[in-house]
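Trainee: Attaching a single structure in structure tokens format; questions to follow.
Computed from the coordinates by the stated procedures, all read-outs in this text should not be read as laboratory data. Because the structure is predicted, anything quoted here is derived from the model rather than measured. Neighbour counts run over all protein chains shown; Cβ positions are idealised from the backbone, glycine included.
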Amino acid sequence: MGGFFGAAAKNNCVSDVFFGTDYHSHLGTRRGGMTAYDKELGFQRSIHSIENSPFRTKFEGDIDAMQGELCIGCISDSDPQPILLRSKLGVYAVCNIGVINNAEALRNEIVDNCFASFEAMSSGKVNSSSLIGALISQKDNFVDGIKYAQEKIDGTMSLMILTDHSVICARDKRGRLPIIIGKREDGYCCSFESFAFQKLGYEIYRELMPGEIVEFTPDSFTVLEKGTEDMKICTFLWTYYGYPNSIYEGVTVETMRTRNGEIMAEFDIKNGTLPDVDYVCGVPDSGVPHAIGYANRSGIPFARPFIKYTPTWPRSFMPQSQTMRNHVAKMKLVPVHELIEGKKLLFVDDSIVRGTQMRETVEFLYANGAKEVHMRSACPPIMYSCKYLNFSRSNSELDLIARQIIHEFEGEEGVKYIEEYSNTNTERGKKLRAEICKRLKLTSLEFQSLEGTYDAVGIDKCKMCTYCWNGKG
């Protein structure tokens, strides 16, 4: 996916942006970048690959050389960012987060109509920020240009722009991703993650509304375009993507996950499906708070029968190769034998996507002597590949284990019955869960319901995007 951080302060703010951007490292694994502006030095930019090294190790040397009262930084899972552009609006740097589904069509339209040319990346694709800049430049000012770009883009686009006098940030028009503004005595900042600026002395000033565009300098904060109430924030931010102490729309990730686990336990208690197990466990890292909530409500002790070794591979999805990601995930799980051997275990994971890593985890537990392995998914069955962000994006929705099984059961007609398959109280729902149990060698399996997810988040469900679960975005 990706994340960004920008600041404008009365003193050099490069260090703030370095630390603030580094706090978004859980959101991306490919590229990191920073751009600063100083009246004497002008624009200074640095971009590095972070596929094999953390953001901070690549940029520690750069921040000593960079200087400026204005600075932006970006973690990207796709393109090198921020990029510098020269247009009729002046010289500026831009970075974005989201996804552009119609990038090729937009590129062709611009080339055909404007005789423009783009620098191609090694993949042959155009840098997304370069494409956004080309769209913005078709209007006479940044506000009209950003609004035009957001209307033309099929997908999601939030962005930051660094000019020679300010930082402009715009939240995507449906508010699928958050942007939070921080304020300090000497300036302002903007961030995807709210916690990223709190250790830097900023306090939460406000969250941007969907489609809102703002500009800030060290001395001022100005709303350039009012936002709307028409929000569809990604619900999966709370379930998985967001960092535990992040706050979106007033709801803290960690407390949502704990509450989510409690709701799952209440369901099992009410329906007589609470298994007789020795321990409740979380699949680290994001599954742990869901599991703690489940343990608290069920009264079953919480334990950690395996530990995730993270000093060398802090994230299981860092390698770009799926085969290597699976191997790293396997190597990271170090067992605590006395908590596994002869024990009946219930695990809570944030989600079941393809099932590959979960199958290997279950096999790992049985190989270390587990007697039973039960599983609870902290969200409903994933039925659709996300078309708004980069989560669960795949070449085919048949890569998703739930859709794959439904297709095997009913062929092309199966898509008509997705709602039934998601519901554990229907015959189709029971059949899906039984088949996943069989394939993953689970003793029992249940998914959090959509209503349970709504309750765990606690905001108006009409404002939450649940496309990956029910196809409604």
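Trainee: Out of segment 383-473, which chymotrypsin sites (Phe, Trp or Tyr not before Pro) are coil in DSSP terms and have no more than 13 other C-beta atoms within 10 Å?
Mentor: Answer in residue order: no site qualifies.
Trainee: Normalised by the residues of the chain, what does the relative contact order come to in percent, with Cα pairs under 8 Å and at least six apart?
Mentor: The value is 12 percent.
Trainee: Once both axes come from the Cα atoms, what is the angle between helix 287-298 and the longest principal axis of the chain, in degrees from 0 to 90, rounded to 10?
Mentor: Helix 287-298 sits roughly 40 degrees off the main axis of the chain.
Trainee: Related question: Residue by residue through segment 218-226, which ³J(HN,Hα) values in whole Hz follow from phi under the Karplus form 6.51 cos²θ - 1.76 cosθ + 1.60 (θ = phi - 60°), with glycine and proline marked x?
Mentor: x, 10, 8, 9, 10, 7, 8, 8, 5
Trainee: Per DSSP H run of at least 4 residues, take -39500 (n - 2.57); add these up for the chain, divide by its residues and hand me the 222 nm value, nearest 500 deg cm²/dmol. Working shown, then result.
Mentor: Values: 15 runs with 145 residues, N = 473.
After summing the helix terms and dividing by the residues of the chain, the value is -9000 deg cm²/dmol.
Trainee: Take the Cβ-Cβ distance between residue 39 and residue 334 as r, set R0 to 35 Å, and report the resulting FRET efficiency rounded to the nearest 0.05.
Mentor: With a Förster radius of 35 Å, E is 0.10.
Trainee: Magnitude of the Cβ-charge dipole of the chain, K/R +1 and D/E -1, about the Cα centre, nearest 20 debye?
Mentor: On the way: 54 positive and 61 negative charges, 168 e Å.
For this selection, approximately 800 debye.
Trainee: Then there's this: Straight-line reach from residue 199: which aspartates and glutamates have Cα under 16 Å away, leaving out those fewer than 8 places along the same chain?
Mentor: 16, 22, 185, 186
Trainee: Which FRET efficiency, nearest 0.05, do residue 143 and residue 308 yield, Cβ-Cβ r, R0 35 Å?
Mentor: Rounded to the nearest 0.05, the efficiency is 0.20.
Trainee: Which Cα, out of 351, 443, 220, lies furthest along the positive dipole direction of the chain (beta carbon charges, K/R +1, D/E -1)?
Mentor: So the residue furthest toward the plus end is 443.
Trainee: With contacts defined as alpha carbon pairs under 8 Å and 6 or more residues apart, what's the relative contact order of segment 2-230 in percent?
Mentor: 22
Trainee: Computed from the mean reciprocal separation of all distinct C-alpha pairs, what Kirkwood hydrodynamic radius does segment 251-470 have, in Å?
Mentor: Working: mean 1/r = 0.0562 Å⁻¹.
Final number for the Kirkwood radius of segment 251-470 is 17.8 Å.
Trainee: Which value, in debye to the nearest 20, gives the size of the charge dipole of segment 2-230 about its Cα centre, when Lys and Arg are +1 and Asp and Glu are -1 at the Cβ? Walk me through the numbers on the way to the answer.
Mentor: Values: 23 positive and 32 negative charges, 45 e Å.
Value, rounded to 20: 220 debye.
Trainee: Taking a ≥ b ≥ c as the square roots of the eigenvalues of the Cα gyration tensor of segment 146-236, is the shape rounded (a/c under 1.5), prolate (a/b larger than b/c) or oblate?
Mentor: Taking the square roots of the gyration eigenvalues as a ≥ b ≥ c, segment 146-236 is oblate.
Trainee: Can you tell me the relative contact order of segment 251-470? Whole percent, Cα pairs under 8 Å, sequence separation 6 or more.
Mentor: 20
Trainee: Write down Rg/Rh for the chain, rounded to two decimals, with Rg from the C-alpha atoms and Rh from the Kirkwood relation over Cα pairs.
Mentor: The Rg/Rh ratio comes out at 0.99.
Trainee: Okay, next question. Mind giving me the FRET efficiency for residue 113 and residue 269? R0 is 51 Å, r the Cβ-Cβ distance, nearest 0.05 is fine.
Mentor: 0.25
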